[in-house]
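Colleague: Mind having a look at this structure? Questions to follow.
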Amino acid sequence: MRWNLRLAAANRGIWKASELQRMLAEHGLKMSAGKMSGLWSGEPASIKLDDLNVICAVLGCGVEELLIVEPDKVKRVDEQVEQPAAVSAGGPSVTPKRKDGRSLPAS
């Protein structure tokens, strides 16, 4: 996904992060200048749904304008996972066991 806050704000005549920050505060979302800068100029690693709701209300947009889906960037994992080749010294395979008798996690 691509974060699109700056363009969504610009489409509504909001050109400065501080202006949007003030508008968000008027709607109950007070955030630090550092957090606002991160939302404005970067791609946040996470965002609270409540915060996203306030941003959408202030901008008058839906989440689809702020979060742009990029399906071509999704990597497909093959259905079959290759198992590493066992190192064999000619003897039988060894299965490790825990000392406390509990089973090992599935690999």
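The values are calculated or read from the model by the stated rules, or taken from the named source; none is laboratory data. Bear in mind that the values here come from a model prediction, so they are computed numbers and not experimental data. Cβ placement follows ideal geometry from the backbone for every residue including glycine, while neighbour counts extend to all protein chains displayed.
Colleague: Here's a check for you: in region 23-35, which residue that is among the aliphatic types (A, V, I, L, M) and farther than 14 Å from L59 by Cβ is modelled with the highest pLDDT? Step through it out loud before you land on a result.
Modeller: Going through region 23-35, the residues among the aliphatic types (A, V, I, L, M) turn out to be 23-25, 29, 31, 33.
Now drop any that are not farther than 14 Å from L59 by Cβ, which leaves 25, 31, 33.
Working: A25: 97, M31: 93, A33: 91.
That would be A25.
Colleague: Do we have C56 as touching a Lys or Arg at 6+ places or on another chain (Cβ under 9 Å), surrounded by 10 or more Cβ atoms within 10 Å (Cβ to Cβ), at pLDDT 90 or above and closer than 30 Å to L29 by Cβ here? Break it down stepwise before answering.
Modeller: Working: touching a Lys or Arg at 6+ places or on another chain (Cβ under 9 Å): no; surrounded by 10 or more Cβ atoms within 10 Å (Cβ to Cβ): yes; at pLDDT 90 or above: yes; closer than 30 Å to L29 by Cβ: yes.
No; evaluated as a whole, the condition is false for this residue.
Residue-by-condition table, conditions (1) at pLDDT below 95; (2) out of contact with any Lys or Arg (no Cβ under 8 Å at 6 or more places or on another chain); (3) not hydrophobic (A, V, I, L, M, F, W, C):
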residue	(1), (2), (3)
M1	yes, yes, no
L20	no, yes, no
S41	yes, no, yes
P71	yes, yes, yes
V74	yes, yes, no
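Colleague: Under 6 Å by Cβ, and 6 or more places apart or on different chains, what pairs join a residue from region 1-24 that is surrounded by 13 or more Cβ atoms within 10 Å (Cβ to Cβ) with one that is outside any helix (DSSP H, G or I) and small (G, A, S)?
Modeller: The qualifying pairs do not exist here.
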